[in-house]
Each structure stands twice: as structure tokens, then as C-alpha cells.
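Following: one structure in C-alpha cells, then a few remarks.
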Amino acid sequence: MKLKKLLCVGLATVMTMSLTACGNNASSNAVNGDQTGSKASGDTINLTIWSPTDEEPIENWWVEKLAAWNEAHPEIQVSREAIDRSDSYAYENKITTATTSNDLPDILYVDGPNVSYYAANGIIVPMEGAFSEEEMADFMPSTVQQGTYDGQLYAIAGTESSVALFYNKDYLDAAGIQYPSDSDVKDAWTWTEFYNNAEKLTTEDYVGTNIIMDKGEGLIYALGQFWTENNADLISEDGAVADGYVNSDASIATAEYLAKFIQNGYANLDPVKDEFLNGYAATMLGGSWNIADLEKSDMNWGVSYFPVSDDGKASSPTGDWAAAITKNCENVDAAKEFMNWLMSSENIAAYASAIAKPASRTSAYDQMEGWDEGARALMLWQLQNTGTARPSSPSYSVLSTDFASALLNIFSGADAKTEMDNVASDVDENYETYYAE
Amino acid sequence: MIKSKSSMKRSQTLGHVAFYLGNLIIGIIFVSPLLWMIASSFKPESDIFANMTSIMTFIPTNFTIENYMEVFGRLNIPQVLFNTLSYIAIVLLGDLLFGSLCGYALAKMKFRFRGLILTGVIALMSMPVEAILLPLYIEMAQLGWVNTMMGLTIPFMMNCFSIYMFYSYFLDIPNDLIEAAAIDGCGPIKTFFKIIMPVAKTVYATVFILDFVARWNDFMWPFLITTGENKRTVQLAVQVFFGTQPIHYSAIMAALTLASIPMLIMYIFMQKYYVQGIASTGIKG
Amino acid sequence: MANTEVKAMRRPEYKRGEKMAGSIMSLPAVLLLLAFLVVPIIYTIYYSFFKYQVMRPDSITFHGITNYLKLFGDKDFWVALKNTVYFTVLVVPIQCVLALALAMLVTSKRRGVSIFRTMYFSPQVTSMVVIAILWTILYNSSATTGLINAFLKNMGMGPVDFLNNPKTAMNSIIFMSAWQGAGYQMMIFLAGLNGIPAEQYEAASVDGATKVQQFLYVTIPGLMNTIKYVLMITLIQAMKLFTQPYIMTKGGPQNTTKTLVFYIYEQGFQKGNFGYACTAATIFFIIVVVLSLIVKKLTKTS
């Protein structure tokens, strides 16, 4: 009886409170409505931004920067919604659903490789003219490459990322292996060296290397470079045809090369989290985002270039979240103006410094510390010299999903040719269905 | 005589020991993820995934409350709790009230389409929400309910499982009770609220817990239908810590621990009602 | 027959009002179900006949039964169906037996027993994220980081790559799911066990029945209805399997853990083939509806 009373009182209280909340909600909607009204009369333009919830320094950056902008531009008021992004595809699902109801914000942050997918489907619109030619030249080539679809700029990122080979000095010493170079890419480990060393480094207690970042987008992001180095494109340049590319001999050979690491036990397919950091792997294909944790640890580590092909071709992963203007934006010019400011050298430098990511503009580094030496300098060098964006195609979402599952299948023993043939036919069918003229 | 008595006593003690020991060992296997989560929430990040094969993984040797400080610093906990509880309250109110009314009508009354409704409820019981998320969202958009409290709550106010639970329970309520009320001049609706509801506490408690747990744990629907930090529910708030590479599990473990505790407490306190409630619906299948 | 006559006799004046009252009382629930469960299902069936790339709601085109023809020729769909059936057929008996065993363990009135009940139930309230992370580590193929393999190594057995071997991946998920879900069914069995009169056990033990005989001839028959009920809800839950493979294996290795709901989700959201996903969903609806009705019928007749 007591319990029931308690429940009733509790329910009643919360109900009343939440109804009041609903009331507030309605009134705030009304306010928004007024603002839309005034927008029509030409006073104030309201822009909204969606971007994934980020680390606290970035969240603070947003608050600070938007306050500054709104103060200086009473005619263009900008607000941002942090979208809580899970470690899976939740954010993309949110965009998908919002598309069906035309509830997209004016400016949308999208993960780099999705630019072509969204652009081809008209979710985001070109932002030509947002940056001067001079400004464009200041952005890294891979940043521009990532944001471009069909010859037009659709998205621009403020930060970049790169992947290099991290190694545990103690383990290399124990195996009698020389440290790979961090000063000349010509002395980077080749495919053969990488494989042989992984074999030598594997012991009872730890594996030779860690090549699996995650079982989704991370596969095409980090490992896709091996395809580039082997001159095996995953898809035709216009992004329309996969058959003859993803299932080419060179492509299959690349997959089989990587599969040997897993199948011979030199790398784990399900690496435990922090495998390298905790000494369970001797080397790791790790990202620029791993540096901070390594610096904090007491581990004896070094860094070298992303492995190069046996004939010396070097490539390295790039890409990060980029801002784009959506089809639901009614004031594209205002959005462009804001974007030009948002992605200014100064703002990017502050953003990148806050989270220790490489900035996407060369001039930003004048205002950033720590990028002229050590692991960060190497990452930056890779970005400027060997960075390659992921392939661009309207069918990218299918390519990425299928490529990831094909690779995992090959790693767990499936026939590479059959798997890659499946990817090719699936991607081509998708393109045929939705994008072919 | 004396001998056999003492041996009986001994075997009883043995039974006791076996009972507690056996349950303890198996119990630890079941509760270990929860313990690991709680232990990890008090560890610095670098310790969480080290020593996974030793018992040390369950002991925070470098004890820290830093993770909780981070969670409290990043999240507006009172607001998150308020959002979640108000959302659950509305859903539960609908579910408990309308679900029990419907279950009762199906069990004890004759009316048009009764058979059809009952069959429909049973057939739709196993419909996975994951398969209809997008159509449901499209419907919400057409109603203009995206990013509103209505869109968040109303679609989940009713589920076939609760109706079925109530139905199974009410099937067994003696007709005499209802008839006595009828003779006293109570109409059927009045009978329900005055006579039936008070005796059905346990089934309400059961549906309450089941629904509460389901809503508390739901991530996808609140995520898709609402936008904005001020509308965050518990599961959305936990995702805040999954945002950026590299993912740091220390804060996640603290956030998840905080998110699990209310449910665990509720379970412990309502266990009695829960068992009775299931008992009264389960046995009739 | 006689029963109904008696009922009719005993409350005749109630009849007309009752008819109205029954409709009125069930109306809110039925309306809600129609609006937010049946309508989305109808949408799904409707879209299953269209070519619909999820990003382009403005350019959907009627596709006739093309999606259905493609679906029936899609190897992955049949694999997903097979995986779902395999999972269901194995997990239902395992989970139910485990749940019954646990219930037998904690049915006694000894002091502190509710602590054990809470322990067995705790995986139900622990976040699936934590459970999946932890089990991925338990199942890890390396003996230095995977607990189970470390144990196997001590026993002199070779490492098993539980989650990446097509032969073991689904079984590993089955085992984990049974473990995770058993606490819930345990509670139901517990309730059923409480409902068996103590005299039946006393009578059996006077007749000299052993514990095993008591279990077979008293407990099991006494639990028959509970068992049916538990079987039904476990079956229904098993058909919906999604979260565990989604977090732990992403459907792999070699599609051995890709279930129907996973397949629908992947097609609709990740690959953007919304119309096609609706087709798969429609078939899935038909399967679960038919199955639910069959199970309901089976559990009712005896």
C-alpha cells in the first residue's frame, strides 16, 4: 500500500513537472516561430549547426566562438546542437532520419568519406565561393580532395588525421630489430619488412602488430592505404564502377597480404582495447589521436612512417569530420560567410590545439605548438606529403560497409576473390539502381 | 539413534555449505560484469584493460574518483534524470492505465472484435522496434511531432507485451468478485477502478519494472526523435563519452555505473512484487 | 457449456452495458497500437514495393514486386534467416534449462537467498555495452588477453578464436545471450516453483522418491504451464536478436552472426536501400506473426 502511494505521488509529481516542461517547449517553439517570421522581413538570419558531441575543450571552443560571432553579427545568429554520437553509426542514422522529414540543420558536420554519398543524394549543397583561391591553397590537398565531389567543394574540415607505425622500443630491442626511421620515408619499413618484423616480434606474451582499429569505417580508413600503395583503386575515379577495381588481382593480393598477419597470429582480429599501450602488441598502426595517451604513459615508444610498398610507394590515411551546408538551409550565402569565418586560420588553430589534432590549414601551424618535432611532426609531414583521401563515390556507404565485412571475412579465412567479387557486384548494383543516368 | 541424528545434522550443515558455496560461485560469474564495470569506474584509464587475465582486473589498485568528477563536470545530471524520469513517467502512465484496462476487458468482458484484438496483440508481441524505426519516424514527422515530448513518449505508451501480461493476470481473477460488485450496483468501469485495480498490485509492479527497464535502456528512439542537450536522456548522456577517438573507457564506466545503479536499487526493492506479479501471470501461459 | 449458462444466468442485466464498456476500456490501447505499431507496419509494407534510396524521399518510384524477387534471390537474406533460426533453436532450450537450474538453486527459503537472486538477475540491468565489451575480452583469441583462452592454455588446450571462427562465433553469442537473459526467465520459474504445493513433495518423499524422481514427477509436471510460457517469451525475444552481434561481431565472421533484424537494419540505414529493407521487414513480419500464432495455439491446446 505504502509502495503504491509512493508510486502514485512520484508519478503525479513527475507528470506535472514534465507537462510544465512541455509547456515551456511549446512556448520556446513559438519564439522560434517569431524569429522565422522576422527572418522573412530581413532582420535576423538564424543558422543551426549539428556536430557530434566532443571533448570538453571543443565544447568550450564552440561556446566561446559562437558567442563571439553572434556578438559581432547580430544579423546572422548561429546556434549549435551537439549530437551525442555513439561509437557506431548512430550519428549517420540521425542524419538519415532527419533527411526523410526535412529536419536537417543549416550546417552539418559529416565524416569525411560520406561527403560524396551525401553530395550525390543532394543532402548537402556546393559551397563554391565560400573561400578565396588563396584560402583554398592554404588547406591541405587531402582536405580539399575529401571535401570535393564532382569537381565542386561540398565540405571543408578544420582538422585532419593521420596514421603511422608506432613501436615498442623494448620489444624491438629484445628481438634485435633496428628502430625504423622517423626522418626519411625512404627508410620506412616496406611491406616485406613490416611482415617479417611482425613475425619476429610475436612472442607468447604479445603479438607483432596491431592493424585493426575497429571493425567498421576504421578498416577502409587505415588499411585502405595498402591498396593505394599497391596501385589498386577500390573503385573507378568517378566512383561509378567497382567491378575490375575492388576485385582486381592487385586488390586481392593486398587483402591476402594483410590476412597473413591475422592468420599466422602476428596480429589479433579482436585486439583488446589499448593493446599496444598495455604491452600486448609490439607495434601498432596508430592514429594521431593516440599520441597524447602514449605521451602520458611510461612506455618506451617510437614512431615511424606508415609502411611503404616494396617498390617504395608511400601513402597515409587522412580525413576528419567536415562542415557542409545542407539542402534545408535557406540562407546559403549567410552560411558561406559564417563558414569562411569558422574555418579561419585562427579559429582552426584554436580548435586543433584544444584537442591536439593536426589542423587542416598550413598557416594554422604558426599559431600551434608541438608540431615541429617528434611524432606530431611526422604525422604532419605525412599529411602534407603522402596523405590520400578515401575513395569518393555516391555508393560509398555500400562500399565501406561491404569492404569492411569482406576484409573481416578474408581475415577469418574466407576466399579473397569471392569476397571482393561480392563487394564489386553489390556496389555496382547500388550505383546502377540509384545513380546511373 | 543418537548417531543417526548427528549424521542428519551433519548432512544438513553440509547442505548449507554446498548451497551457499555453489550459489556464491555461480553468482559471482553472473555478477562479474557488473563488478568489473564498477571496479573499472574507479581506475585510471591505463589500468582498465591491463591484466585482463588476472583477478586484479576486479580491484582498482590505483583508486581514483577522477572519472566521476569528469562525468559530473560534463553532464547536467539533475536535468538528465529529470528528462528521463518524466519521459518514463508519461510512457508508464499510459502503459499501466490503458494496458490494464484493455487487458481486463479482453479477459473478462465480451465485446465486438474481442477475438480479433486478442489475436492481434499476440501476433504483434514479437514485432521488433528496430525494423519499424524509420517508418515510425516518418509518421512522427507527418504529425509534426519530431523533437517534441509527444513524439518521444506517445508511440511507446502502449505495447502488446503489457496488455498480454495484464490479460493473463486478470483471467484468473474470480468472477465472484466482479459479480459481487455488480450486485452492489457498480458499473463495469467503476468495478475496475474500485475493486480490480487494488487487488492487482503485483501485476502493475511487474509491468512497471519491465517497462521501466526497457525505457531506461532505450537509446535509439530518444536519439532519433529529439535533438538538443537539454533533452538528453540517460542513455544519450552516456554516449557523450563515446564521442571522440581515442575512446576513454574510464569515464564511460563511471557513467554506465551511475546509469545502472537506479535500476539495481529499484529491482532490489521491488523484487517481492515482481516475483509475485510474474507468478500470477506466468503460470497460466 | 453449463458454465456459460450459469454465467449468463447470474449476470444477465450486465450484458448490454458490458459490451459497450469492453469496447470503451480497450479503445485507448487499441488506438495507440493501431497508430504507432500497425501504421508503421503498413508503411513498411507499402514502401516494400518501391525503389527508395533513404536519402531521397522525393524520388521514390514504384517497383512492383522487383524487391521481392531480388530478396528471394539474395543469398545474404537466406543466410540471415538461417542464422536467426539457428540462434533461436539453440538459445531457447539452453536459456530455459539454465534459467530453471538457477531457479532451483535459489528457490530455498534460506537466509540471504535474495542476494543470490539479485546476482543472477544483474546481467539484465547491466548495460549491454559493458557486457559486450567484457565478453569480447573473455572470448579474445590470445591467451595473454583472453580469459577463457588463458584458462584453456593452462589445461593444455590450444587457443580458440571464439568470435572470429565461423564455426564458433554464433555459438559464442548463443552462450553469452543465454547467460545474460537467464535471470529474467529464472524469476518466472521461481514464481512457478512457489506455486507447487509443498504437500506434493512430502507425499513423494514418504513414498521413497529420490530427489531426481521428485524433480521428474513433481516439479516438472507442476511447472508445465510455466515452461510453456517461458518457452514462448524466450522464442519471441530470440527472433529479435540484434544488439549482441551488432556490438560484438558486426555480423561476421563470414555472415555467420548476421540475423534478420541485423540485415534489415544494415540495408535500410547503413546502405540506404530503404525500400528493399522494407521488403525484408515485411517477410520478417509475416514469419513472426505466423510463428507467434502457432506457438500460442500449441501452448493453449494442452
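The values are calculated or read from the model by the stated rules, or taken from the named source; none is laboratory data. Bear in mind the structure is a predicted one, so any value in this text is a computation, not a measurement. A quick note on method: Cβ atoms are made from the backbone with ideal geometry, for glycine too, and the neighbour counts reach across all protein chains shown.
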Open item on the list: Name the residue that is modelled with the highest pLDDT, counting only residues in the range B:83-114 that are part of a helix (DSSP H, G or I), more than 27 Å from B:Met150 (Cα to Cα) and among the aliphatic types (A, V, I, L, M).
Closed with: B:Leu106
Open item on the list: Can you pull out every residue in the range C:201-256 that is charged (D, E, K, R) and more than 8 Å from every other protein chain (Cβ to nearest Cβ)?
Closed with: C:Glu202, C:Asp207, C:Lys211
- [ ] For residues that are at pLDDT below 95 and among the polar types (S, T, N, Q), scanning just the range A:50-76, find the one that is farthest from C:Tyr246 (Cα to Cα).
- [x] A:Asn60
TODO: Identify the single condition in (1) on the phi > 0 side of the Ramachandran plot; (2) touching a residue at least 40 places away in the same chain (Cβ under 8 Å) that A:Gly208 does not satisfy, given that it satisfies every other one.
DONE: (1)
Open item on the list: So A:Glu204 ticks every box in (1) within 14 Å of chain C (Cβ to nearest Cβ); (2) assigned to a loop (DSSP other than H, G, I, E, B); (3) in contact with a Phe, Trp or Tyr (Cβ under 8 Å, 6 or more places away or on another chain) but one. Which box is left unticked?
Closed with: (3)
TODO: Considering each of B:Tyr164, B:Tyr137 in turn, give the residue that is under 21 Å from the mean Cα position of the chain (by Cα) and of a type outside the set (A, V, I, L, M, F, W, C).
DONE: B:Tyr164
TODO: Just one of (1) among the aliphatic types (A, V, I, L, M); (2) within 14 Å of chain A (Cβ to nearest Cβ); (3) closer than 26 Å to B:Ile268 by Cα; (4) in contact (Cβ under 8 Å) with a residue 40 or more places away in the chain trips up B:Met165, so point out which.
DONE: (2)
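Taking the condition part of a helix (DSSP H, G or I) and at pLDDT below 85, does C:Gly268 pass?
So C:Gly268 does not fit the description; no.
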Task: Unmet requirement for A:Gln178, which otherwise passes all of (1) within 12 Å of chain B (Cβ to nearest Cβ); (2) part of a loop (DSSP other than H, G, I, E, B); (3) without any contact (Cβ under 8 Å) to a residue 12 or more places away in the chain - done: (1)
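So that you can scan it fast, the table gives a plain yes or no per residue for (1) surrounded by fewer than 23 Cβ atoms within 10 Å (Cβ to Cβ); (2) at the interface with chain A (Cβ under 9 Å from one of its Cβ atoms):
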position: B:Tyr87; (1), (2): no, yes
position: B:Phe98; (1), (2): no, no
position: B:Gly103; (1), (2): no, no
position: B:Phe113; (1), (2): yes, no
position: B:Leu124; (1), (2): yes, no
position: B:Val129; (1), (2): yes, no
position: B:Pro135; (1), (2): no, no
position: B:Thr148; (1), (2): yes, yes
position: B:Pro155; (1), (2): no, no
Open item on the list: Which count do you get for residues in the range C:146-163 that are part of a loop (DSSP other than H, G, I, E, B) and within 13 Å of A:Val272 (Cβ to Cβ)?
Closed with: 2
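For the range A:90-116, which positions are part of a loop (DSSP other than H, G, I, E, B), out of contact with any Gly (no Cβ under 7 Å at 6 or more places or on another chain) and either within 7 Å of chain B (Cβ to nearest Cβ) or over 22 Å from A:Trp341 (Cα atoms) (or both)?
Scanning the range A:90-116 gives A:Ser101, A:Asn102, A:Asp103.
Checking the condition crowded, with 18+ Cβ neighbours inside 10 Å, modelled with pLDDT of 95 or more and touching a His at 6+ places or on another chain (Cβ under 7 Å), which residue from C:Phe87, C:Phe49 passes?
That would be C:Phe49, the only listed residue that is crowded, with 18+ Cβ neighbours inside 10 Å, modelled with pLDDT of 95 or more and touching a His at 6+ places or on another chain (Cβ under 7 Å).
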Open item on the list: Tell me which helices (runs of 4 or more DSSP H) are completely within the range A:344-437 and hold 3 or more residues being polar (S, T, N, Q) and buried (at least 22 other Cβ atoms within 10 Å of the Cβ), or say none if there are none.
Closed with: A:396-411
TODO: Would you point out which residue out of B:Ile196, B:Ile189, B:Ile261, B:Ile183 is within 10 Å of chain C (Cβ to nearest Cβ), within 20 Å of B:Tyr167 (Cα to Cα) and either in contact with a Phe, Trp or Tyr (Cβ under 8 Å, 6 or more places away or on another chain) or aliphatic (A, V, I, L, M) (or both)?
DONE: B:Ile189
